[in-house]
Amino acid sequence: MGLIEDILIRNALAITLDSENTIHQSADVLISGGEIIDVGQSIARPPGFTGRVIDAHGMLLIPGLINAHTHSPANHTHGSGDRQSHPAFMWM
């Protein structure tokens, strides 16, 4: 097994972000090398597949959500509080 494990998720309620916002009632998802290779029903294990198989029956599978928010108006002050000893500047 490499650093990134291959995974086959079976039987998930899967919500996609494709152009039709497809919802699969019983989806399989094949992940290899950290990338989604296939989404569908009854996906066959690839030859030589030694990864983990997860039965996701009764579970919801959604695309990864990343916390990518920023506080750009205060970005120019980042680190300036290090030079201040007043408690009002401790958040910077």
Among residues of the range 23-46 being of a type in the set (A, V, I, L, M, F, W, C) and surrounded by 16 or more Cβ atoms within 10 Å (Cβ to Cβ), the residue farthest from LEU3 (Cα to Cα) is ALA27
Which of the residues belonging to the range 1-50 are over 19 Å from LEU65 (Cα atoms), assigned to a loop (DSSP other than H, G, I, E, B) and touching a residue at least 40 places away in the same chain (Cβ under 8 Å)?
-> MET1, GLU5, ASP6, PHE49, THR50
Using beta carbons and a limit of 8 Å, which pairs, at least six apart or on different chains, have the first residue in the range 51-78 and within 30 Å of ALA27 (Cα to Cα) and of a type outside the set (A, V, I, L, M) and the second one exposed (fewer than 10 other Cβ atoms within 10 Å of the Cβ) and modelled with pLDDT under 95?
-> GLY51/MET1; PRO63/LEU17
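The values are calculated or read from the model by the stated rules, or taken from the named source; none is laboratory data. The shown structure was predicted, so the numbers you read here are calculated from the model rather than taken from an experiment. Neighbour counts run over all protein chains shown; Cβ positions are idealised from the backbone, glycine included.
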